[in-house]
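Each remark here refers to the structure printed beneath this line.
The values are calculated or read from the model by the stated rules, or taken from the named source; none is laboratory data. The structure presented is a predicted model; accordingly, all values stated were derived computationally and were not measured. Here the Cβ is made from the backbone with ideal geometry for all residues, glycine too, and neighbour counts use every protein chain on show. Heavy atoms of the whole protein, side chains included, go into the accessibility calculation; ligands, DNA and RNA do not. Shrake-Rupley method; radii C 1.70, N 1.55, O 1.52, S 1.80 Å.
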Amino acid sequence: MEMVNIKIEGIPYQVEAGLTILEAAKKCGYNIPSLCAFNHGECNQGSCRVCLVEATGARGLVASCVYPVNEGMEITISSPKAVAARRSSVELILSNHNRNCQECDKNEYCELLDVARRVGAREDMFPGEKTPTTYDELTPTIVRDTSKCILCGRCVERCKNAHGIGILGFENRGFNAIVGPAENRSFINSPCIMCGQCINVCPTGALMEKSEIMKVDEAMAQGKYVVVQTAPAVRAALGESFGMPVGTPVTGKMVAALRRLGFKKVFDTDFAADLTIMEEGTELLNRIKNGGVLPMITSCSPGWVNYAEYYYGDQLDHLSSCKSPHEMFGAILKTYYAEKHGIDPKDMFVVSVMPCSCKKFEKVRPQLSADVNGMADVDAVITTRELARMIKRSGINFTRLPDEDYDRDIVHDATGAGHIFGVTGGVMEAAIRTVYYVLEGKELEGINYMPARGLEGIKEGEVTLQGKTIKIAVASGMKNAKVLLDQIREGKSPYTFIEIMGCPGGCINGGGQPYVRDTFMPNEDIDIYDKYLQLRSKALYSEDERAVHRQSHNNPDIQTLYKEYLGEPNSHKAHELLHTTYKERVRFD
Ligand code: FES
């Protein structure tokens, strides 16, 4: 690795050639304020001018996020000129910013507020007219408020980098410039897949998930039978919102908190992840046996399903007809569980805590209801971030909570296979564990299926079943999915089974997970975003290792459910409750 000698504030350092000044300074422990720069070059617009420093060889101040280091460079961060310039840049941004901070859900995590404090920005230094505002809350998932947008471009880059679809872009010029879907349309009139990745990277409250906390409050106030389920990836990240080390699994504390928040029952969506494997695995085997459409593609991720419906409407036969796990769980709660406990399903209110903002959209899909009267499987979806807000406003001391178990009821058990659904490759691994057992009559040796592991955008592997080797592939992020889908469209796909997740890395990086703010803090590791995902995925694999049962078919409550209610996987009843349909779309509807 080529190194260069530089000085920062008169102190000599050796850093990698090719780094920007901002990155080099971070590696050396300096925290230059910045806003538009993001995630090791993912966004390098150089537009906010907050990161200005002095550097030898440059004329005047330079934006450290785009200016590369070179041999012998001397960098000054602390000169009065640089300090004043950074403060003016932030004051200019604030002059066009809606500062109703106390009402803004991003408040605690607002990077603009943080930077404003650090540079000592003053009130109203540039009074005058503000850019006309667009407020879009027409979809069930994302709220866009341009009065809080600082035109950093991170959302534009994330949409492009993660999915290659570029829903967001800059519109107009100068004073009238805004960021949004083409022609400043609502998200509802654009082919946005609603994954929420743009929310994750927005430094202010310009892009937010549409909160459903009030809905939950109202259901409780009305005396409804309010039950909650939590997706696997939530436990891997919720602790970050309470200052716990990244990658700390907090299942027990999360359950304890939910109980104290007033939920009648607390369930694990991983139970339904096991159910998904039973249904999806059987569907795959039937397709292989009966010459059905292959490769079959998983359908747990609503962002991915949206992408398929918008962009690959001619390939929808490849999607498994299985609902996603939390929808399956909602359907089971409002039928099997309600019947067993004598509860009128109309009095039941099912809340899903999800790492994914798109689940808010998924739950209103008309195809997803447990009965012919159109009663939704799931009534409210709150993200991991919203759950953290609920816990904080209640005054619960999360880190002091005891570890408690999910409600020991007829839908309690979950296996390690269900736990790993939250990371890219997890569904594939869980499916292979069960499909192998069904066809070979014995458990997969070593249990773990390593080709599906890791955070690469596309992974592939093979598995031999009854003497025949089949190829599998795993993709996360639509840019990667596109590669596999184009192969299918061209008739060149070598795969039998494909797992696709909307968000890069899978649900651990979902659009509702805690913000990765350390990206912008001093840290020797400038690839901290990747580190977060690695640590969150480790948390799930460790839960899998600790589980009593690690294969979905060994889940005792699932076995009872089939025996007492569903019959067998893919039965008529199972189809009625647990499967769905898709349709080609050109816009949200
Ligand atoms: Fe460097 Fe915005 S110009 S962070």
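Here the Karplus relation 6.51 cos²θ - 1.76 cosθ + 1.60, evaluated at θ = phi - 60°, turns the backbone of segment 50-62 into coupling constants of 8, 9, 5, 9, 9, 8, 5, x, 10, 8, x, 7, 10 Hz, with x for every Gly and Pro.
Using a Förster distance of 35 Å, how high is the FRET efficiency between R389 and M125, based on the Cβ-Cβ distance and rounded to 0.05? That gives a FRET efficiency of 0.65. Rounded if a/c is under 1.5, else prolate if a/b is larger than b/c, else oblate: which is segment 113-226, with a ≥ b ≥ c the root eigenvalues of its Cα gyration tensor? Cα axes put segment 113-226 in the oblate bin. Placing +1 on each Lys and Arg Cβ and -1 on each Asp and Glu Cβ, with no other charges, gives segment 5-104 a dipole about its Cα centre of roughly 260 debye.
Mind checking which lysines have their C-alpha under 19 Å from K264, skipping anything on the same chain fewer than 8 residues away? Qualifying lysines at Cα under 19 Å: K215, K224, K253, K334, K340, K346.
Peptides 432-440, 460-468, 575-583, 47-55 ordered by packing proxy, namely the average of other Cβ atoms within 10 Å per residue, highest first: 47-55, 432-440, 575-583, 460-468. Computed over all pairs of different Cα atoms, the Kirkwood value for the hydrodynamic radius of segment 315-443 is 17.3 Å. Label-to-label distance, A177 versus E339, with points set 7 angstrom from Cα along the beta-carbon direction: 6.1 nm.
Over the chain, Cα pairs under 8 Å with separation of 6+ residues give a relative contact order of 17 percent.
So how do Y135, Y311, Y515 rank on accessible area, 1.4 Å probe, biggest first, that is with the largest at the start?
Solvent-accessible surface, decreasing: Y135, Y311, Y515.
Considering only H549, A539, H579, and ranking their Cα positions along the charge dipole of segment 533-589 that arises from unit charges at the beta-carbon of Lys, Arg, Asp and Glu, the one farthest toward the positive end is A539. Listed here are the pairs K265/K323; K106/K392; K106/K148; which of them are more than 20 Å apart at the Cα? From K265/K323; K106/K392; K106/K148, over 20 Å: K265/K323.
Compared with the alpha-carbon gap, the fully stretched path from E564 to M375 is longer by 65.7 nm at 0.36 nm per residue. For segment 293-336 versus segment 370-432, the inter-centroid distance based on Cα atoms is 19 Å. Can you flag which of K459/K583; K160/K459; K210/K363 are past 23 Å Cα-Cα? Distance filter (> 23 Å) returns K459/K583. Across segment 253-406, C-alpha contacts under 8 Å between residues 6 or more apart give a mean separation that, scaled by the residue count, equals a relative contact order of 30 percent. Here the peptides 346-358, 253-265, 121-133, 10-22 are ranked by packing, the mean other Cβ count within 10 Å, and the order with the highest first is 346-358, 253-265, 10-22, 121-133.
Charged side chains reduced to their Cβ positions (Lys and Arg at +1, Asp and Glu at -1) give the chain a dipole of some 1020 debye around its Cα centre. How much of the DSSP bridge set in the chain is antiparallel, in percent, rounded to the nearest 5? Just about 55 percent of them are antiparallel. Compared with the direct C-alpha span, the chain from M244 to E456 gains 73.7 nm at full extension, assuming 0.36 nm per residue. Ordering N397, S78, Y307 by the projection of their Cα atoms onto the charge dipole of the chain, which places +1 on the Cβ of Lys and Arg and -1 on the Cβ of Asp and Glu, puts S78 at the extreme positive end.
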